[in-house]
Amino acid sequence: MDFVDKLEAIKRRYEEVSELIVLPDIIADNKRYRTLMKEYKNLGTITSLYKKYLSAQDDITGAKKMLKTEKDSEFKEMAKLELEESEQKSINIVEQLKVELVPKDPDDEKNVILEIRAGAGGDEAALFSGEILRMYQRYAETKKWAFNITDLVEGTAGGYSKAIATIEGDDVYGKLKYESGVHRVQRVPSTESQGRVHTSAISVAMLPEVEEFDFELNMGDIRKDTFRASGAGGQHINKTESAVRLTHYPSGMVVECQDGRSQHKNYASALKELRARLYKIEQDKQNAEIGAHRKSLIGSGDRADKIRTYNFPQSRVTDHRINKTAYSLDAFMSGDIEEFIESLRIADNAEKMKDGQE
């Protein structure tokens, strides 16, 4: 199937889906309706570009015809300019279509459960964890995403040894999935009297939040315990057993949530996190079975994958996967990370397109 035939097939499918999503029996089936709406959105973008491509092709044909038949030199010059503009427009649209035709990660549209853990470096790692948490919170604000902290374990000298948050909005995982891995910081700690630069590390995990129908969880495999919340949260939280701990027997996984005022809210948040973690384990198994045909920029999300270094003495941030460096660390830590995320997305898509041609 050539390029245009593929686009024609997509256009036909888009028209078919647009008729399906208004049918009462489809609307009544929540799972199928949501699946079709996602497909409708994705196909709509490609179909719109395809229509623009066809329009540009018509303009090219018209301009060429005018160049052949027109006698007036002024009109011929106008036709020549129109031909050049239409050909360039067509080229640009084709490049956009190539990107849109790259197979989408079905999880890209999902919300995210963010986990940050302090690693090597003790107190300095915990402090840096707090700064990275604020960095993502500020970035979320620029994207108009909802950012809610669900669990915090404070470090002994400030910051956090562990932080869990949910991030909700449009295409959150599609943007933040490249952030999973080890983030390394190089700077002089406030307790360092000799002025020596220390290296510390934290791990970041971006887990796609999954719905019940995305991943079936056997509730009989889960033990629920309640306890009094600790740390910041107000007197009401600490007086009641509002905190929730879930233990998944088959995997041994334990998830806690104590940020919400009610036990019900904490239970719902903990269940979401548990489901996301188990879903990620299944994803990793599938990816291992498929094999690593290419080195994905997302990597495995493993804590051993060092992805980025933040060097404070030089105000430098470097992403090791794409060898990208910027000397604007203050802005980066304030949430100005879009340029890096976009560069990673482009590089990842380029790898996918290259694989598709092999």
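The values are calculated or read from the model by the stated rules, or taken from the named source; none is laboratory data. Worth saying up front: this structure is predicted, and the values here are computed from it rather than measured. Neighbour counts are summed over all protein chains in view; Cβ atoms, including those assigned to glycine, are modelled from backbone coordinates with ideal geometry.
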Residue pairs qualifying under the 8 Å Cβ cut-off, at least six apart or on distinct chains, with the first in region 44-59 being without any contact (Cβ under 8 Å) to a residue 60 or more places away in the chain and the second being surrounded by fewer than 16 Cβ atoms within 10 Å (Cβ to Cβ) and of a type in the set (A, V, I, L, M), are TYR53/VAL94
Examine region 178-191 for a residue that is in contact (Cβ under 8 Å) with a residue 12 or more places away in the chain and farther than 21 Å from GLY130 by Cβ, and state whether such a residue exists. yes
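Quick grid of which residues meet (1) of a type in the set (S, T, N, Q); (2) surrounded by 14 or more Cβ atoms within 10 Å (Cβ to Cβ); (3) in contact with a Pro (Cβ under 7 Å, 6 or more places away or on another chain); (4) within 19 Å of SER129 (Cα to Cα):
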site: TYR310; (1), (2), (3), (4): no, yes, no, yes
site: ARG316; (1), (2), (3), (4): no, yes, no, yes
site: HIS320; (1), (2), (3), (4): no, yes, no, no
site: LYS324; (1), (2), (3), (4): no, yes, no, no
site: ASP330; (1), (2), (3), (4): no, no, no, yes
site: ASP336; (1), (2), (3), (4): no, yes, no, yes
site: ILE341; (1), (2), (3), (4): no, yes, no, no
site: GLU351; (1), (2), (3), (4): no, yes, no, no
Considering only helices (runs of 4 or more DSSP H) wholly within region 1-75, the ones with at least 3 residues that are modelled with pLDDT of 90 or more and under 20 Å from VAL102 (Cβ atoms) are 3-20, 30-69
Item to complete: Test ASP225 against the stated conditions and say whether it is within 14 Å of the chain's Cα centre (by Cα), surrounded by fewer than 14 Cβ atoms within 10 Å (Cβ to Cβ) and assigned by TED's automatic domain parsing to the domain that holds VAL317.
Response: no
### Task
State whether one or more residues within region 152-162 are part of a strand (DSSP E or B) and among the charged types (D, E, K, R).
yes
Residue pairs within 6 Å by beta carbon, gap of at least six or interchain, first lying in region 1-21 and in the same structural domain as VAL94 (by TED's automatic domain parsing), second modelled with pLDDT under 90 and charged (D, E, K, R), listed first then second, are VAL17/GLU39
Restricting attention to region 326-346, the residues that are under 21 Å from the mean Cα position of the chain (by Cα) and not in a helix (DSSP H, G or I) number exactly 4
The residue that is surrounded by the most Cβ atoms within 10 Å (Cβ to Cβ), considering only those in region 22-37 that are touching a residue at least 12 places away in the same chain (Cβ under 8 Å) and within 28 Å of ILE93 (Cα to Cα), is LEU36
**Message:** Being among the aliphatic types (A, V, I, L, M), in contact with a helix residue (DSSP H, G or I) (Cβ under 7 Å, 6 or more places away or on another chain), in contact (Cβ under 8 Å) with a residue 60 or more places away in the chain and not in a loop (DSSP other than H, G, I, E, B) is the requirement here; does ILE132 meet it?
**Reply:** no
Note: among LEU114, LEU97, LEU83, just one is at pLDDT 85 or above and either touching a strand residue (DSSP E or B) at 6+ places or on another chain (Cβ under 9 Å) or part of a strand (DSSP E or B) (or both), namely LEU114
Right, SER230: loosely packed, with under 15 Cβ neighbours inside 10 Å, of a type in the set (S, T, N, Q) and either more than 20 Å from the chain's Cα centre (by Cα) or modelled with pLDDT of 65 or more (or both) or not?
yes
Filtering region 124-162 for residues that are among the hydroxyl-bearing types (Ser, Thr, Tyr) and under 20 Å from ASN111 (Cα atoms) leaves a count of 4
For region 330-352, pairs from a residue that is over 21 Å from ARG184 (Cβ atoms) to a residue that is surrounded by 13 or more Cβ atoms within 10 Å (Cβ to Cβ) and modelled with pLDDT under 90, with Cβ under 8 Å and 6 or more apart or across chains, are ASP348/SER296; ASP348/LEU297; ASP348/ILE298; ASN349/VAL99; ASN349/VAL102; GLU351/SER296; GLU351/LEU297; LYS352/VAL102
